[in-house]
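The values are calculated or read from the model by the stated rules, or taken from the named source; none is laboratory data. Keep in mind that this is a model prediction, so the values were computed, not measured. Every residue, glycine as well, gets a Cβ built from its backbone with ideal geometry; the counts of neighbours run over all protein chains shown.
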Amino acid sequence: MNLVWLPGFNGAARQPLLTRLASALGPAHRSLFPGLPRGRPSEGLVRERTFLAEAIGAATFAEPPVLVGRSFGGRVALRHAVTAPVQAVVLLGFPVRPPGRPRPDDEAALRAVPVPTLIVQGDADEKGPLDVLAPLVESNPHLSLVVLPNTGHGFGRRQEREAAGALARFLEALGRPVSRSRRRV
């Protein structure tokens with residue numbers, strides 16, 4: 001399986017959290033760490049999505065990849081997945097609605113994403129509150145939510161282990177049909 005890892009806002013291409021998660025999954029997966037353009041996000045994330053599409057195209061994957069995005073990288077991955085061929089999406093700490101900053105385009109993308117999408121979210125994440133995410137997850141049968149207890153927007157080592165387990169189970173399940181009653185990973 002091909003995995004494309006996208007860092008948080010202005011993060012290094014090989015963001016430590018993402019490299020540790022990729023390492024935890026083992027060598028069975030081909031990983032690409034293209035990074036994202038730095039600086040202020042473009043309108044509609046067009047520049048970032050174009051960059052991602054070019055990186056995926058240059059990789060010449062035999063099958064559509066799984067996009068794994070941390071925070072801002074998840075926003076780019078999700079928006080890309082709504083219109084481009086991907087196998088699945090994983091969102092790690094998805095900043096759907098930071099305080100005072102509604103993101104209706106991100107909410108619309110969550111409702112519209114047509115592929116299996118796992119959201120790993122802290123129960124105390126102020127940038128992606130569960131009271132905003134939960135109804136969106138219920139509105140789209142492709143969405144699954146794993147809640148990390150006592151966790152904000154940042155993931156520590158304990159949360160990394162939990163996220164790695166959820167990610168491994170999600171990737172394993174991609175090869176099997178998943179009924180709506182079994183959606184939660």
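Structure notes:
- Any hit, segment 34-46, residues being assigned to a helix (DSSP H, G or I), at pLDDT 95 or above and surrounded by 15 or more Cβ atoms within 10 Å (Cβ to Cβ): yes
- Total residues in segment 96-120, condition part of a loop (DSSP other than H, G, I, E, B) and either surrounded by fewer than 16 Cβ atoms within 10 Å (Cβ to Cβ) or at positive phi (or both): 6
- Residue within segment 37-48 that is closer than 16 Å to Val120 by Cβ, touching a helix residue (DSSP H, G or I) at 6+ places or on another chain (Cβ under 9 Å) and small (Gly, Ala, Ser) present: no
- Within segment 16-32, the set of residues being within 18 Å of Ile56 (Cα to Cα) and touching a Gly at 6+ places or on another chain (Cβ under 9 Å) comprises just one member, Leu18.
- Leu67 in a helix (DSSP H, G or I), touching a residue at least 12 places away in the same chain (Cβ under 8 Å) and in contact with a strand residue (DSSP E or B) (Cβ under 8 Å, 6 or more places away or on another chain): no
- Checking the stated criteria, Asp131 turns out not to satisfy the condition of being among the acidic types (Asp, Glu), assigned to a loop (DSSP other than H, G, I, E, B) and more than 21 Å from Ala84 (Cβ to Cβ).
- Within segment 148-155, not a single residue is buried (at least 17 other Cβ atoms within 10 Å of the Cβ), under 13 Å from Leu91 (Cβ atoms) and among the β-branched types (Val, Ile, Thr).
- Test result for Val76, closer than 23 Å to Ala173 by Cα, among the aliphatic types (A, V, I, L, M) and at pLDDT 95 or above: no
- Residue among Asp123, Asp131 that alone is surrounded by fewer than 14 Cβ atoms within 10 Å (Cβ to Cβ) and touching a Ser or Thr at 6+ places or on another chain (Cβ under 7 Å): Asp123
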